[in-house]
Amino acid sequence: MKFITDFHIHSKYSRATSPKTDLENLDKWAKIKGIQVLGTGDFTHPEWFKELKEKLEPVEDGLFKLKSTRTVLVETTRFVLTSEISCIYSKGGRVRKVHIIVFAPSFEVVEKINTQLGWIGNLKSDGRPILGLDSKELAKIVLNISKDCLIVPAHCMTPWFGIFGSKSGFDSIEECFENYSKYIYAIESGLSADPAMLWRIPDGRNLTIISNSDAHSPAKLGREANVFEGDELSYNSIINAIKNERGRISPIIGRSPSSPGSLSLIYTIEFHPEEGKYHYDGHRNCGISLSPLESKKYNNICPHCGKPLTIGVLNRVEELADKPEGFRPEGAIPFKSLVPLEEIIAESLGCNTGTKRVEAEYKNLIEKFGQEFKILLDISKTDLESATLSEIAEGIMRVREGKVYVEPGFDGVFGKVRIFSKAEQRKLPNQKTLF
């Protein structure tokens, strides 16, 4: 059995999220995308946690489904209890801002976590609460409540809120978590980094790399995801697969052999990291975007306003790396870089996402083939051409083969992925003349 997971998302109770981000719409879009196991997100928020308890029921151990869903077949969306927490505190003479994903095995464990965290900060203020709490202390609280919980630093390279971020992060897992480092089994790549970048960093080789969408609306589910394979579907099998993969990659951490029927993380699905908001260095207000080499020429100072640049992920990787670009550790979990189907359709039609033409063609493809990931990963070009325009079929194949052009994002500005050359794009309105 092979299935896709997306653990890090947000509910309608988080800031800057769609009001449609409720359980029913999350369940609906997980099916459209082809995601079998979805994180709940935001379990620390009292109102969202109340909805989770009212609307979800247990299926396999530690996994849940909507009560309104009649079937318990494999196709039914499973939910796993997760939440992102923002730790902002002073350490080593600097202000640190680290976002952390917490996985929990049961409602009972979540209730205990929420009780203790509620003594520290206001959990009602945001689905992703801000706590004046050291990351190590958060790990201590959570793991003392249940050793079955999992602590994962979120979007690890993001400048402002990643554990390795240039603005408020650390240089290593041990510097951040100290004696609790041994309980950190994974990091999240985030939209602005991918495993190839993280393999150059010691912790990127010693930890399992997982990828998630950090979605703020249901339609954004699956921007990044994880693909598991095995016979057992449960909370513990998923967590153990993540823990075991760390041992498989790193020879310094022993790995006990996987038992028959257990799961393995076989690959991750990644955003093109250049498309992330913090890939290059730069200044959004000045319209300045620079590669690490260009930033070095300016001593990391904006040539327009004279203030320090926001140092992006690529530059920070260069700073922490002890391996050259292109290095791949033995036994590393592979990854595939994709572009969302709606974006492929929009560029193929020569129009913007969200238009009626794009929505109609997206719906057409989903009705014919069932799931977005199936379309992006598996459907042959011949079958695609029989169901849609040749330009769209060609766009899907180019993305699958990695034949894209990317303009890197910087300082909070998303990068831009182009599938067709500028010459081809000029011909797109005349669909019959392009190919």
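The values are calculated or read from the model by the stated rules, or taken from the named source; none is laboratory data. If you're wondering where the values come from, they're calculated on a predicted model, not measured in any experiment. Cβ: placed from backbone, ideal geometry, glycine included. Neighbour counts: every protein chain shown.
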- Among (1) assigned to a strand (DSSP E or B); (2) touching a Lys or Arg at 6+ places or on another chain (Cβ under 6 Å) - the single one L38 does not satisfy: (2)
- Message: Exactly one of these conditions fails for R316: (1) surrounded by fewer than 14 Cβ atoms within 10 Å (Cβ to Cβ); (2) within 20 Å of the chain's Cα centre (by Cα). Give me its number.
- Response: (1)
- Residue ID - surrounded by the fewest Cβ atoms within 10 Å (Cβ to Cβ), chosen from residues in region 135-189 that are small (G, A, S) and part of a helix (DSSP H, G or I): S181
- Task: Return a yes/no flag: does region 412-433 have any residue that is in contact with a Gly (Cβ under 6 Å, 6 or more places away or on another chain), loosely packed, with under 14 Cβ neighbours inside 10 Å and either farther than 29 Å from W160 by Cβ or hydroxyl-bearing (S, T, Y) (or both).
- Result: yes
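This table checks each residue for (1) farther than 30 Å from G395 by Cα; (2) modelled with pLDDT of 95 or more; (3) touching a His at 6+ places or on another chain (Cβ under 8 Å).
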site: I238; (1), (2), (3): yes, yes, no
site: E245; (1), (2), (3): yes, no, no
site: S256; (1), (2), (3): yes, no, no
site: T310; (1), (2), (3): yes, no, yes
- Quick one: would you say P58 is touching a strand residue (DSSP E or B) at 6+ places or on another chain (Cβ under 6 Å) and farther than 24 Å from S189 by Cα? yes
- Query: Among the residues of region 341-359, which ones are closer than 15 Å to I32 by Cβ and out of contact with any Cys (no Cβ under 8 Å at 6 or more places or on another chain)?
  - Reply: L341, E342, I345, E359
- Given the conditions (1) crowded, with 16+ Cβ neighbours inside 10 Å; (2) under 28 Å from D61 (Cβ atoms), which single one is not true for S86? (2)
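Here is a list: L349, L365, L309. Which entry is in contact (Cβ under 8 Å) with a residue 24 or more places away in the chain and not assigned by TED's automatic domain parsing to the domain that holds T382?
Working: L349 fails: not assigned by TED's automatic domain parsing to the domain that holds T382; L365 fails: not assigned by TED's automatic domain parsing to the domain that holds T382.
Result: L309 is the single residue among L349, L365, L309 that is in contact (Cβ under 8 Å) with a residue 24 or more places away in the chain and not assigned by TED's automatic domain parsing to the domain that holds T382.
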- Return yes or no: is E47 part of a strand (DSSP E or B), surrounded by fewer than 19 Cβ atoms within 10 Å (Cβ to Cβ) and more than 22 Å from the chain's Cα centre (by Cα)? no
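Take the conditions at pLDDT 90 or above, surrounded by fewer than 22 Cβ atoms within 10 Å (Cβ to Cβ) and either closer than 24 Å to S211 by Cβ or not assigned by TED's automatic domain parsing to the domain that holds S168 (or both) and apply them to P273. Does it pass? Lay out the reasoning, then the answer.
Numbers: at pLDDT 90 or above: yes; surrounded by fewer than 22 Cβ atoms within 10 Å (Cβ to Cβ): no; either closer than 24 Å to S211 by Cβ or not assigned by TED's automatic domain parsing to the domain that holds S168 (or both): yes.
So P273 does not fit the description; no.
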- Task: Output the residue which, of all residues in region 321-364 that are in a helix (DSSP H, G or I) and of a type in the set (V, I, T), is surrounded by the most Cβ atoms within 10 Å (Cβ to Cβ).
- Result: I344
- For region 400-425, enumerate the residues that are part of a loop (DSSP other than H, G, I, E, B) and of a type outside the set (A, V, I, L, M, F, W, C). E401, G402, K403, P408, G409, D411, G412, G415, S421
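Report the residue count in region 190-200 for those that are closer than 28 Å to L221 by Cβ, of a type outside the set (S, T, Y) and either part of a loop (DSSP other than H, G, I, E, B) or not assigned by TED's automatic domain parsing to the domain that holds V98 (or both). It would help to see each step written out before you state the result.
Taking region 190-200 and keeping what is closer than 28 Å to L221 by Cβ, we get 190-199.
Those still in the list that are of a type outside the set (S, T, Y) too: 190-191, 193-199.
Filter once more, so that each one left must be either part of a loop (DSSP other than H, G, I, E, B) or not assigned by TED's automatic domain parsing to the domain that holds V98 (or both): 190-191, 193-194, 199.
Here the count works out to 5.
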- Test K67 against the stated conditions and say whether it is out of contact with any strand residue (DSSP E or B) (no Cβ under 8 Å at 6 or more places or on another chain) and at negative phi. no
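If I filter region 140-167 down to residues being more than 11 Å from I85 (Cα to Cα) and aliphatic (A, V, I, L, M), which single residue comes out as modelled with the lowest pLDDT?
Restricting attention to region 140-167, the residues satisfying the condition of being more than 11 Å from I85 (Cα to Cα) are 140-150, 155-160, 162-167.
From what is left, the residues that are aliphatic (A, V, I, L, M) are 141-143, 145, 150, 157, 163.
Details: I141: 98, V142: 98, L143: 98, I145: 98, L150: 98, M157: 94, I163: 98.
Per the criteria, the residue is M157.
Sort out which residues of region 93-109 are in contact (Cβ under 8 Å) with a residue 12 or more places away in the chain and assigned to a loop (DSSP other than H, G, I, E, B), and write them in order of number.
To start, the set of residues in region 93-109 that are in contact (Cβ under 8 Å) with a residue 12 or more places away in the chain comprises 94-107, 109.
Within region 93-109, P105, S106 meet the criteria.
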- Task: Restrict the check to region 382-393 and report whether at least one residue is of a type outside the set (F, W, Y), modelled with pLDDT of 95 or more, under 25 Å from T5 (Cβ atoms) and surrounded by 14 or more Cβ atoms within 10 Å (Cβ to Cβ).
- Result: no
- modelled with pLDDT of 95 or more, surrounded by fewer than 24 Cβ atoms within 10 Å (Cβ to Cβ) and farther than 24 Å from L143 by Cα - does that describe any residue in region 98-113? no
- Message: For the structure I just gave you, tell me whether E318 is in a helix (DSSP H, G or I) and over 28 Å from M157 (Cα atoms).
- Response: no
- Inspect all residues belonging to region 169-187 and state whether any of them is touching a strand residue (DSSP E or B) at 6+ places or on another chain (Cβ under 7 Å) and of a type in the set (S, T, Y). yes
- Tell me, please, whether a residue that is buried (at least 20 other Cβ atoms within 10 Å of the Cβ) and either outside the structural domain of K124 (by TED's automatic domain parsing) or touching a Cys at 6+ places or on another chain (Cβ under 8 Å) (or both) can be found in region 52-65. no
